[in-house]
Structures are given as structure tokens and as C-alpha cells.
Ligand SMILES: Cc1cc2nc3c(=O)[nH]c(=O)nc-3n(C[C@H](O)[C@H](O)[C@H](O)COP(=O)(O)OP(=O)(O)OC[C@H]3O[C@@H](n4cnc5c(N)ncnc54)[C@H](O)[C@@H]3O)c2cc1C
Ligand code: FES
């Protein structure tokens, strides 16, 4: 039998592991219960961006939260590497959003101005006309009418981030149990009783629900609404190439090992099966942006499911019915990882120095 | 056909990978990350250890290509270049 553990994290994706690391660093005894390999795991299918452009244009608290996360990334990568020896390949030299439609370009420029107004000094971006762009990136496709650029945008190797978070947590004393799907959670007079699908019962004093899409099912048992849905994204992986692409964009990035990841579709679908139509679209987009990619071979493709809230912003919720139960879920878990492992852990601990996170309360959906 | 300038013989219907393995066991490519040598391994299109350049086209899976008269095959060194003529 697993010994009693004060804090259980349900879900071992990048969100759960970051929170686990943060709580363990604060001295807690932390147990992570992760689901099965058949689960939909955004952590294993994502694009690896540490991205600010367009984050929170209409929601200043999210704009600030994402901004702080991007600023914290360099220190966080160093910390992970010192705990684990793993280099997550953070490269934060700025990123582009490329546009082939002038109206969309104009609209996105407005959004960035709004975002800059929310963030004040420290956030800068550029809107580059086609002329500016072809000067800066000779080789850019003629179909690109313009681009925006933000110097704080970057990327990491998302699979290595996942491994590093797990190892870092273990180095700080987190106990990780894989293939440990939770069937139900029940609040008791003192603490919580977790029933695993294999029949085992585990008693803990706190529960943080970080089960990605699995939270929709478990959340209501702890009094949360957990209004999350799947949003499918597809992407292509190419063969490794020796030349470094001279840019990073939200749709085309070159991983540290040389292959390209081309992505960015969004579809309301509950399955993780790719569609030829989307794959063709992605390939065409890549060649429009960088025509020299025309003869690069695609080796693999996949679809993965995003964990989406109705407005796209995170939910950080303390249960009102059952003190000691928390719901943590977000899109952009890569970008936000440095804060999940530090500031969010303070908030879960009700540390007086913790940030105020009411803006991410799930009750916002009931009020609106 | 030829590999690195030396003549390689193949039976009709044989894959380029099979013909290369029949020749000797020297590496037919080096990997982009560690530079280690590789030879064809799975012979069914999944391991990508058999990459070679055929008639100027880089990163071709030798196990998925039928050997033909006159093919010019070269070792694949690391990753290919972007753009033609690499
Ligand atoms: C295509 C795509 C591209 C993306 N690109 C980016 C990007 O560029 N940058 C960025 O910041 N973010 C990106 N994201 C989002 C990011 O991947 C997610 O925010 C993040 O992975 C969510 O992590 P998670 O731990 O909440 O969820 P998950 O990775 O889904 O993990 C949830 C875990 O909970 C477990 N679980 C589920 N149910 C149970 C249960 N009952 N009991 C126990 N365990 C359970 C599962 O097994 C799983 O391991 C992208 C996502 C997708 C799909
Ligand atoms: S030998 Fe495995 S892909 Fe060709």
C-alpha cells in the first residue's frame, strides 16, 4: 500500500508535474498519480512554444501572467538543468507571426497594441511590412503580406521539458506513480479519499486536479464545474535538415535536433486523428512562408487535443465546498510552466506572498 | 549501380538497402545528432537507418527503393541541406 501522502496531484502532464515540483520545493510531501498511455495528452503532442504574441489582448491579467512566465523562462530552464542535467533547448530570440491576408495582419496588429497597452513597458513588438520583412529574411515567400515580431517569443523541446519536469520533481522528493488512473475522489471530514481504477484507495490531505481533459469528469466530484473541452490541433514533422531556419514562427519551428515542426490547425473535434485536408493546408502554408522548404520530406504527422476553457484562459480554482481541493488547467502549459512551478504553488499553499489569481477563478463562466 | 564510386551489383527486384548490405557492413550513413555510423536495419521503412543520397536526392530510404541500373548512391552524412542541389 502507498503510504499516506499529504498532497496528491492527479495528472502527470506538464501542468501537474510543474505544480508538483513547486509544492515539493516548498517542502511538501507530494504524490503524482498519472493516468494511462491511452489518455489524450496535450503534453506529448504540443508545439513547444514559449509564446506571448496575442496572449491576453482582451484580458489584462492573462497578458501579465503570460508575460511574467516568458520572462521567467530562462531562469527556469537553468533550474531544471541544474536539478536534472537536462537541457530543454530553450531558445528565446524572438518569434514571428506571418500573414498572407492583409486584413488579418491589420487585425492582429491591433491586438498587439492592446496587449502592449495592458503590459506597459518591457513588452515590445514590431509590425513588419512585406518590404521590411524581405529585407530582414531574404527568402521569405511573396505570399506573405506582413508579419509581427515579438523579441520575447521562443520555444523549447517539449518532450525534454516533460522528462525534465518529472526528474526535477523526483529530485525534490515527488513520488510519481504512472498508470494510476483515478476513478473517483471523495471529500471526507478530514482530507480526501482517492479511489484508483485498480481498486486501491489513497487518503490525502490536499488534492490538486491537473488531469487535463480528464478533469471534466473528476472536477464535479470536488464541486468544480471544470468547463473544459478538447480542441484538436494537427502538425507535421519533417526530416532533419542541416541548415538552421533563420526564424521561429508560431507555425513553423525547427527543433534543436534539426527537424521542422509545422503546425497550428484548430478544430472542434474529440479525436486525435489527422485529416488530409489539414495536413495539405499546413504543408502549403510552410511553402508559402519559406519556398525553399518545397522539397523537404514530411516524415510524420499527428493530431493532439488541446485542453481548452471557454475563453481560452487558465482556470485556477480553490474548491469552495471542499477546502484543500484545487483545479488547475490551462492551454499554453509550456509557456506558463515556470509560474506553475513557483507562483502557483505559493497560491495553492495560501502563502501571503502569493499572487492574486481571482481573475482565473472558474466562477467567471457562471457570472458572464 | 555505384556506392561512393565503387560498383555495386543487385539482383532484379532487390532493394538498394539489400544490395548495400550484400556488399559489406560499412556504415551507409552517419546520424545528424551524434554522428554515429548506421546501416539499414528494419528493411521495412520505419527505422530510417538506411538513408542515402540517390542520384543527388538526399535522405532517401534505401530499403524502400528498388535497385536500378546506373543509380549513383552516396553515403548520407548527417542532416541534409535545405534547398536543391545539396
Ligand atoms: C497541438 C497542440 C499544440 C500546442 N502548442 C503549445 C505551445 O506551443 N505552447 C504552449 O505553451 N502550449 C501548447 N499547447 C498546450 C499545452 O500542450 C497544454 O497546455 C499542456 O500540455 C496541458 O498539460 P496538462 O498537464 O494540463 O494536460 P495533459 O498533457 O493532457 O496531461 C493530463 C494528464 O492527466 C492524466 N489523467 C487524465 N485523467 C486522469 C485520471 N482520471 N487519473 C489520473 N490521471 C489522469 C493523463 O494521463 C495525462 O498524463 C499545445 C497543445 C496542443 C494539443
Ligand atoms: S532499413 Fe529501416 S527504414 Fe530502411
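The values are calculated or read from the model by the stated rules, or taken from the named source; none is laboratory data. Note that the structure is a prediction, hence the values are computed from the model and not measured. Here Cβ is always computed from backbone atoms with ideal geometry, including for glycine, and neighbour counts include all displayed protein chains.
Touching a residue at least 24 places away in the same chain (Cβ under 8 Å) and at positive phi, is that true of residue A:56? Spelling it out, residue A:56 is indeed touching a residue at least 24 places away in the same chain (Cβ under 8 Å) and at positive phi.
Number of residues in region A:284-301 that are part of a helix (DSSP H, G or I) and either surrounded by fewer than 20 Cβ atoms within 10 Å (Cβ to Cβ) or at the interface with another protein chain (Cβ under 9 Å from one of its Cβ atoms) (or both): the value is 8. Residues that are part of a loop (DSSP other than H, G, I, E, B), under 27 Å from residue A:193 (Cα atoms) and either modelled with pLDDT of 95 or more or outside the structural domain of residue A:18 (by TED's automatic domain parsing) (or both) within region A:323-348 comprise A:324, A:330, A:341, A:342, listed in sequence order. Within region B:34-56, restricting attention to residues that are out of contact with any helix residue (DSSP H, G or I) (no Cβ under 6 Å at 6 or more places or on another chain), over 18 Å from residue A:260 (Cβ atoms) and in a strand (DSSP E or B), the residue that is farthest from the other protein chains (Cβ to nearest Cβ) is B:37. When you scan region A:62-74, do you find a residue that is under 29 Å from residue A:116 (Cα atoms) and in a loop (DSSP other than H, G, I, E, B), even just one? Within region A:62-74 (the criterion being under 29 Å from residue A:116 (Cα atoms) and in a loop (DSSP other than H, G, I, E, B)), the answer is no, since none of the residues qualifies. Does region A:276-283 contain any residue that is surrounded by 20 or more Cβ atoms within 10 Å (Cβ to Cβ) and touching a residue at least 12 places away in the same chain (Cβ under 8 Å)? Taking every residue of region A:276-283 in turn, at least one turns out to be surrounded by 20 or more Cβ atoms within 10 Å (Cβ to Cβ) and touching a residue at least 12 places away in the same chain (Cβ under 8 Å). Since residue A:227 meets every condition but one in (1) away from ligand 2 (no atom under 16 Å from the Cβ); (2) within 14 Å of chain B (Cβ to nearest Cβ); (3) touching a residue at least 12 places away in the same chain (Cβ under 8 Å), which condition does it not meet? Only one criterion is unmet by residue A:227, namely (2).
Okay, residues lined up against (1) in contact with a strand residue (DSSP E or B) (Cβ under 6 Å, 6 or more places away or on another chain); (2) over 20 Å from residue A:297 (Cα atoms); (3) within 14 Å of ligand 2 (Cβ to nearest atom):
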| residue | (1), (2), (3) |
| --- | --- |
| B:18 | no, yes, yes |
| B:26 | no, yes, no |
| B:36 | no, yes, no |
| B:62 | yes, no, yes |
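Tell me which residues, restricted to region A:24-39, are surrounded by 21 or more Cβ atoms within 10 Å (Cβ to Cβ), in contact with a helix residue (DSSP H, G or I) (Cβ under 7 Å, 6 or more places away or on another chain) and within 19 Å of residue A:307 (Cα to Cα). Correct list: A:35 only.
The set of residues from region B:57-86 being more than 10 Å from chain A (Cβ to nearest Cβ) and assigned to a strand (DSSP E or B) comprises B:66, B:72, B:73, B:74, B:75, B:76.
Applying the condition of being surrounded by 20 or more Cβ atoms within 10 Å (Cβ to Cβ) and part of a loop (DSSP other than H, G, I, E, B) to region A:302-316 and asking which residue is farthest from ligand 2 (Cβ to nearest atom) yields A:313.
Can you name the residue in region A:18-61 that is in a helix (DSSP H, G or I) and over 24 Å from residue A:88 (Cα atoms) and is also nearest to ligand 1 (Cβ to nearest atom) among such residues? The residue in question is A:61.
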